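Student: Before I ask anything, here is the structure I am working with.
The values are calculated or read from the model by the stated rules, or taken from the named source; none is laboratory data. Because the structure is predicted, anything quoted here is derived from the model rather than measured. Counting neighbours? That spans all protein chains shown, and the Cβs are built from the backbone with ideal geometry, glycine included. When the accessible area is computed, the model is the full protein with side chains, heavy atoms only, and any ligands, DNA or RNA have been set aside. Shrake-Rupley method; radii C 1.70, N 1.55, O 1.52, S 1.80 Å.
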Amino acid sequence: SKLAALFEHPLYNLPVPEVTEKDKLFIINPMEKFSLRSSGSDEWVSSSKAETVPPTGKTAYDTYPTWLKFHIGINRYELYPRRDPLLPTLLRDLATQRIVSSVQKSGGTQLKLIMTFPNYGQALFKPMKQTRDQETPTDFFYFSDFERHNAEIAAFHLDRILDFRRIPPVSGRLVNITKEIRDITTDKKLAKTFFISPAGNICFYGECSYYCSTEHALCGKPDQLEGSMAALLPDKTLAKRHSWRSPWRRSYHKSKKAEWELNPNYCTQVRETPPYDRGHRLLDLIDMTILDFLMGNMDRHHYETFEKFGNDTFLLHLDNGRGFGTHSRDEPSILAPLQQCCSIKKSTYLRLQLLATHPYRLSDVLREALAADPLAPVLAEAHLQALDRRLGRVLVVVEHCLAK
């Protein structure tokens, strides 16, 4: 296993700073316990009553559902640890747990659903919109592209392979539109958009600002639909997040250019502007830039951080559905922050160099990681090959910077 060998490499075993109580997103209430409602049930109840003492030798934490353990594990330095024993269980839960509620997520340009499980866990469902081998047409603007369910799955695994660990866990899942969406939804607006197509398939389209119409309906075969299931982060009422506008945000206009596209010295003014004037925020942004270039994602207008940790924390790499749209061409402008600032974390650079060598080739380790997903193969082979080419281009940019 190249993937196992990669995670055993010294570069993937660098020490993490000690996590103190103030570095944790949540402090556990040692009295709060969870238990199954009844024997043979998959429905969980929360109880702080003394009579629900866990079995001998178990702590209250042991009774928590996996999604809650994931939330409790978030800290200033990482969304989840490198060797996270919870990860396989959490991915399996996303792929297999019974869905008790499906409602449309408000906001956003395209249809997304919030799925709820019996243990109170929730996931963001993005449905399949195009096949694996369909490329984004060359005449499409980046802001009018589809969001792809398989891009969300691949982005999570790529982010982990780069050792960023800033994307919440994502699994593929085959959903039954009739039983797991239509029959259980309490969302009246969503319920009105279901219909049976001339081919006899169950379809729906929801309500949103793009691609929510009968022309862009999502149809099952006859009611089976692929999608990505992403573990939701803690509710914003419990853990506030700050949304930051990216300095290298695109203009989102058909003819206007952004300032960074016109000013080659743009990075100088970014370096003088908070929060990029101190700490590792700019380097973290360049990490995110490299992830986006490898995926071909041009749609990174904002990013988020947990408010509790201030400026000294990681960036959340959320909403990656516009990645992996093209494999036959690269978009060098995505690398503008790296090219203009000529800065990169040493640890990131060393890992990129490692992933360009034969024993740990990026395409091979990602292919292996994605093979375990329920919807495998997640990416067309051409997208995996494009990753190796793009990784080479990132390393050339760094070498030019070093030469300067």
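Student: Please indicate, with yes or no, whether at least one residue in the stretch 159-166 is outside any loop (DSSP other than H, G, I, E, B), open to solvent by less than 20 Å² (accessible area, probe 1.4 Å) and under 30 Å from Lys257 (Cα atoms).
Tutor: So far as the stretch 159-166 goes, yes, one or more of its residues are outside any loop (DSSP other than H, G, I, E, B), open to solvent by less than 20 Å² (accessible area, probe 1.4 Å) and under 30 Å from Lys257 (Cα atoms).
Student: Separate question: When you scan the stretch 245-273, how many residues do you find that are free of Cβ contacts under 8 Å to residues at least 12 places away in the same chain, closer than 25 Å to Gly310 by Cβ and either open to solvent by less than 20 Å² (accessible area, probe 1.4 Å) or part of a loop (DSSP other than H, G, I, E, B) (or both)?
Tutor: So the count comes out to 1.
Student: Tell me, yes or no, whether the stretch 200-213 has at least one residue that is part of a helix (DSSP H, G or I) and either out of contact with any Phe, Trp or Tyr (no Cβ under 6 Å at 6 or more places or on another chain) or under 29 Å from Asp364 (Cβ atoms) (or both).
Tutor: No, that holds for no residue.
Student: Let me ask something else. For Cys401, indicate whether it is at positive phi and open to solvent by 20 Å² or more (accessible area, probe 1.4 Å).
Tutor: No, not satisfied.
Student: Now a separate question. From (1) open to solvent by less than 20 Å² (accessible area, probe 1.4 Å); (2) not in a loop (DSSP other than H, G, I, E, B), pick out the condition that doesn't hold for Pro234.
Tutor: Every condition holds for Pro234 apart from (2).
Student: Residue pairs, Cβ under 8 Å, 6 or more apart or interchain, first in the stretch 205-227 and of a type in the set (A, V, I, L, M), second exposed (fewer than 14 other Cβ atoms within 10 Å of the Cβ). List them.
Tutor: Within 8 Å, the pairs are Ala217/Phe195; Ala217/Ser197.
Student: Counting only residues that are surrounded by 11 or more Cβ atoms within 10 Å (Cβ to Cβ) and in a loop (DSSP other than H, G, I, E, B), which one in the stretch 17-30 is modelled with the lowest pLDDT?
Tutor: Across the stretch 17-30, the extreme among qualifying residues is Ile28.
Student: Now a separate question. Among the listed residues Leu350, Leu375, Leu354, Leu379, which satisfies the condition of being under 21 Å from Asp299 (Cβ atoms) and not small (Gly, Ala, Ser)?
Tutor: Leu379
Student: Show the residue pairs meeting these rules: Cβ distance below 7 Å; 6+ apart or different chains; first residue within the stretch 377-402 and farther than 15 Å from Arg351 by Cα; second residue of a type in the set (Ser, Thr, Tyr).
Tutor: Sorted first by the residue in the stretch 377-402, then by its partner, the pairs are Leu384/Ser363; Gln385/Ser363.
Student: Could you tell me whether Thr96 is under 18 Å from the mean Cα position of the chain (by Cα) and surrounded by fewer than 16 Cβ atoms within 10 Å (Cβ to Cβ)?
Tutor: Taking the combined requirement at face value, the residue does not satisfy it.
Student: Applying the selection to the stretch 290-317, what residues are within 13 Å of Asn75 (Cβ to Cβ), open to solvent by less than 20 Å² (accessible area, probe 1.4 Å) and assigned to a loop (DSSP other than H, G, I, E, B)?
Tutor: Thr313, Phe314
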